[in-house]
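**Q** Could you have a look at this structure, given as structure tokens, before my questions?
The values are calculated or read from the model by the stated rules, or taken from the named source; none is laboratory data. Predicted model, so just to flag it, every value in this text is computed and none were measured. Every residue, glycine as well, gets a Cβ built from its backbone with ideal geometry; the counts of neighbours run over all protein chains shown.
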């Protein structure tokens, strides 16, 4: 017993000596906390360490602070507080317990301090690269979002004055000047014109369709708010170059339309906790006056809104050699459906649907007070086996308990009995063209439409919370990766052998995955999935096995995240598609890749 007590005494003395040595050394930055509990002492020590780190780097934020007229020390500390607890918790720790008190020392070597900021620098570069890709693909909402987020994070980095990056056609530039320039350039080349103005005398409202172009090409997406005479609206989202404005009451007489283009995306920033903390905690984040647009309404003559006529509905063959008779029949049916939707007389068109189709139709309409926004209806018709798909009826969805509205192109699928059996939200025009423009070696036009149809049904099932469909398309032995954890049902041969040691395996049944989705759906008014970019590939040979990598944004009423989705699925039986692999990762792999066909054997 005496030997044990002596050993404990010597150990405590050595530990205390180590603490004193660290505090006296000029090699370390340290913070100290004393409390009755270890947890509280540790928190105090980390807070003290943050203060000391702030002192070390505060001179590097002098130029930023001069814009904000604040206290340099408080400003710097607020910035350091935005760095993740995971990063700061990696600081070394020593603990001493004496006379009922716990002393904690948190410390790092001064030479290692830059490591704290490495992840943020990488994130700044990654967001900028994402913005460049989005701008190139005319995803202007995404481009503004990522440029701005990169700029906000850059201003929270001690090396903000020196971080550089290569830009296409410009070479290497300092991000501190390049990012504001790229944002302002987008606003400069953004053109917003009025397409039509419709006035409803009964409802006393005015609806306006907008043409939104970037460098004379239709934008794929853009978010904005507009002035109603006494307040700003919720966020409106345009799609494929089409925007929508609706004015009520006295606002119909406004001489000009005022728009503010969204670029902060504060709510969406919650998908990145550190970014959100910067936006929330740092006052006077960058402001761009060029985001404000004004369009004269003085010379825009409003036409009275009228009921849609048969000649205003155009249906044409989408490239799968549909017969004239089928086109004529489909035109009659979709005209009746459109007329019923506009009149909100749903019972009069129920006979055009199967029971399943009408159930989905109700979900679509109730999904967000759906409204058809086109007067001239121009649809494509595509034949897939016994199904006939009428593509891309443009509709607006409005969510009462949410801060945004959406435009979506809605597809109607008719069965062999000419009954509408399903509805789906279309992919973007760029995504569709990317698939259709692939070579004949990839597949026939019909096979490409099978692929498009599957992706649209998959997206819609999550939006409409259709667990029945999701359950039907996942194979019982599907491999599911959530985050960085690999989750797998029973093995199905050599299919996954190439993964090797890249991931950790955890058993998860398909039923557990469905139950997990059920909890998410029950907790949200809506779910919206936005595919930013997709890359589709097919395995060699005759098998119809496809892999698609997608940059996916997921939004719901109380949650948002961004990640990289990969699906490997089999369309050999077009009526029974099967997903064999689904991976979702919040970040790319260390080499910049995401999971794809190369990682799996089938």
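**Q** Considering only residues of region 98-127 that are modelled with pLDDT of 90 or more and loosely packed, with under 13 Cβ neighbours inside 10 Å, which is nearest to residue 146 (Cα to Cα)?
**A** 122
**Q** Something else now. So which residues in region 399-418 are part of a loop (DSSP other than H, G, I, E, B) and at pLDDT 85 or above, if there are any at all?
**A** Matches in region 399-418: 415, 416, 417, 418.
**Q** Working carefully through the options 421, 434, 468, find the one that is touching a strand residue (DSSP E or B) at 6+ places or on another chain (Cβ under 8 Å), within 16 Å of residue 575 (Cα to Cα) and not in a loop (DSSP other than H, G, I, E, B).
**A** It is 421.
**Q** May I pose another question? Report yes if residue 544 is surrounded by 13 or more Cβ atoms within 10 Å (Cβ to Cβ), at pLDDT 85 or above and under 30 Å from residue 386 (Cβ atoms), otherwise no.
**A** In short, yes.
**Q** Which one is surrounded by the fewest Cβ atoms within 10 Å (Cβ to Cβ), of the residues in region 373-396 that are under 14 Å from residue 342 (Cα atoms) and under 25 Å from the mean Cα position of the chain (by Cα)?
**A** Applying the filter and picking the extreme gives 373.
**Q** While we're here: Return the total of residues in region 308-340 being closer than 16 Å to residue 384 by Cβ, more than 36 Å from the chain's Cα centre (by Cα) and assigned to a helix (DSSP H, G or I).
**A** 2
**Q** Buried (at least 19 other Cβ atoms within 10 Å of the Cβ), within 28 Å of residue 429 (Cβ to Cβ) and in contact with a helix residue (DSSP H, G or I) (Cβ under 6 Å, 6 or more places away or on another chain): does that describe residue 265?
**A** Yes; evaluated as a whole, the condition is true for this residue.
**Q** Check region 549-568 and report whether any residue there is loosely packed, with under 15 Cβ neighbours inside 10 Å and modelled with pLDDT of 85 or more.
**A** no
**Q** Would you confirm whether or not region 237-259 contains a residue that is within 24 Å of the chain's Cα centre (by Cα), surrounded by 19 or more Cβ atoms within 10 Å (Cβ to Cβ) and in a helix (DSSP H, G or I)?
**A** No: zero hits.
**Q** Which one of these is surrounded by fewer than 16 Cβ atoms within 10 Å (Cβ to Cβ) and modelled with pLDDT of 65 or more: 436, 423, 479?
**A** 436
**Q** Filtering region 180-214 down to residues that are in a strand (DSSP E or B) and within 23 Å of the chain's Cα centre (by Cα), which residue is surrounded by the fewest Cβ atoms within 10 Å (Cβ to Cβ)?
**A** Checking each candidate, the answer is 213.
**Q** Can you find, within region 215-236, the residue that is surrounded by the most Cβ atoms within 10 Å (Cβ to Cβ) among those that are more than 21 Å from the chain's Cα centre (by Cα) and in a strand (DSSP E or B)?
**A** 226
**Q** Identify, by number, the condition in (1) in contact with a strand residue (DSSP E or B) (Cβ under 9 Å, 6 or more places away or on another chain); (2) at pLDDT below 80; (3) closer than 25 Å to residue 139 by Cβ; (4) assigned to a loop (DSSP other than H, G, I, E, B) that residue 592 doesn't meet.
**A** (1)
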